């Protein structure tokens, strides 16, 4: 799992290098830029099958493509957004979903204020049509950006409708056996930051 | 560091228990609810000085107050938001800053569209007055929700003005020796999620 958390960091750096037309990079240079040890980097990249040649470093575009393929970025999954409040809107308007392995195909909310409006080119539907939508469009994942108290019930319902993964922005825990869950814990992050700042003084 | 990342989870659970008027909880019950082992929990809570009595469990409100105090939640630091786009707005409108150890005292942006408007009761100022603001109000931390390409320069400037910590929402790395940095890595999280979904199929 720790390797997996590092792969997007490699991918991000390699994308930046590719934009600068850098063609090759050594594990030592990767180490300097990422803050992992060079031996850690060689070990990580060996896990997925010996990229790079001794003494020649890695070819940036090949390595980026390989890591992208391992991450699944070469074939997108369909995803819906549940909750089109400020946070949901922020994600839709700023976030490079399609570059991160997902195609956003639907947005749902319960507020009459946003239902029928368009966000990022996608119409916001009423939660009342979520079930029909899932049965016909079969989204594979959902972003949960709704109020915390609804997150467990919403995840259970969606899982029953075939949505197998949840990117959870609420402060609540999702307990759905079999589901794939990735949490963004903003409150916990801010509290950890608060603690670090006390200790740094 | 791993203990510190767990403390906010304890705090969150204890707050929920307190709201339900639960007065005592055993390490076994904490274990069930948090998914950490009971021995891990006893070890964590011993690090900060022996809460709980053998056989009696922990007093919820005492433990919550102690952990809150360790995290620094009993005395707030002043914080500014740099970047009042959708993400910045989402944070201002939804996020319980003051419960997480921070008081938001200023918002800055460069867009004429938002300068002069009010978000969460706070006026949005032009980036041009940031320096003056920092010299007089002395904010201790900043949320960076501006475009990635400006994050390093902005952090350097703010650190020079006495802002010692950054809650970074951009995809960029901040390299400011001495600064306290907490990153929210949305793209990396989504790529990791994409990977987990491939493997779960």
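A few notes on this one:
- Test: residue B:116 is farther than 20 Å from residue B:183 by Cα, more than 14 Å from chain A (Cβ to nearest Cβ), free of Cβ contacts under 8 Å to residues at least 40 places away in the same chain and not in a loop (DSSP other than H, G, I, E, B): no
- Flag if residue A:18 is under 22 Å from the mean Cα position of the chain (by Cα), away from chain B (no Cβ under 11 Å) and either in a loop (DSSP other than H, G, I, E, B) or touching a residue at least 12 places away in the same chain (Cβ under 8 Å) (or both): yes
- Test: residue in region A:64-73 that is under 20 Å from residue B:192 (Cβ atoms), at pLDDT 90 or above and not in a helix (DSSP H, G or I): yes
- Sole exception among (1) surrounded by fewer than 22 Cβ atoms within 10 Å (Cβ to Cβ); (2) on the phi < 0 side of the Ramachandran plot; (3) within 11 Å of chain A (Cβ to nearest Cβ); (4) at pLDDT 90 or above for residue B:99, by number: (4)
- Some residue of region A:168-179 being within 17 Å of the chain's Cα centre (by Cα), buried (at least 18 other Cβ atoms within 10 Å of the Cβ) and farther than 25 Å from residue B:32 by Cα: no
- Residue A:124 modelled with pLDDT of 95 or more and either under 17 Å from residue A:159 (Cα atoms) or in contact with a helix residue (DSSP H, G or I) (Cβ under 7 Å, 6 or more places away or on another chain) (or both): no
- Residue identified as touching a residue at least 12 places away in the same chain (Cβ under 8 Å) and away from every other protein chain (no Cβ under 11 Å) among A:83, A:127: A:127
- Considering region A:76-87, the residues that are over 14 Å from the mean Cα position of the chain (by Cα) and within 18 Å of residue A:163 (Cα to Cα) include one that is surrounded by the fewest Cβ atoms within 10 Å (Cβ to Cβ), namely A:82.
- Residues of region A:173-183 that are out of contact with any helix residue (DSSP H, G or I) (no Cβ under 6 Å at 6 or more places or on another chain), assigned to a loop (DSSP other than H, G, I, E, B) and at the interface with another protein chain (Cβ under 9 Å from one of its Cβ atoms): A:173, A:178.
- Region B:139-156, subset more than 30 Å from residue A:140 (Cα to Cα), more than 13 Å from the chain's Cα centre (by Cα) and surrounded by 18 or more Cβ atoms within 10 Å (Cβ to Cβ), residue farthest from the other protein chains (Cβ to nearest Cβ): B:154
- Test result for residue B:191, surrounded by fewer than 19 Cβ atoms within 10 Å (Cβ to Cβ), within 11 Å of chain A (Cβ to nearest Cβ) and assigned to a helix (DSSP H, G or I): no
- Qualifying residue in region B:29-42 (condition: part of a loop (DSSP other than H, G, I, E, B) and free of Cβ contacts under 8 Å to residues at least 24 places away in the same chain): yes
The values are calculated or read from the model by the stated rules, or taken from the named source; none is laboratory data. Please read all numbers here as calculations on a predicted model, not as lab measurements. For neighbour counting, all protein chains shown are included, and Cβ atoms are generated from backbone atoms with ideal geometry for every residue, glycine included.
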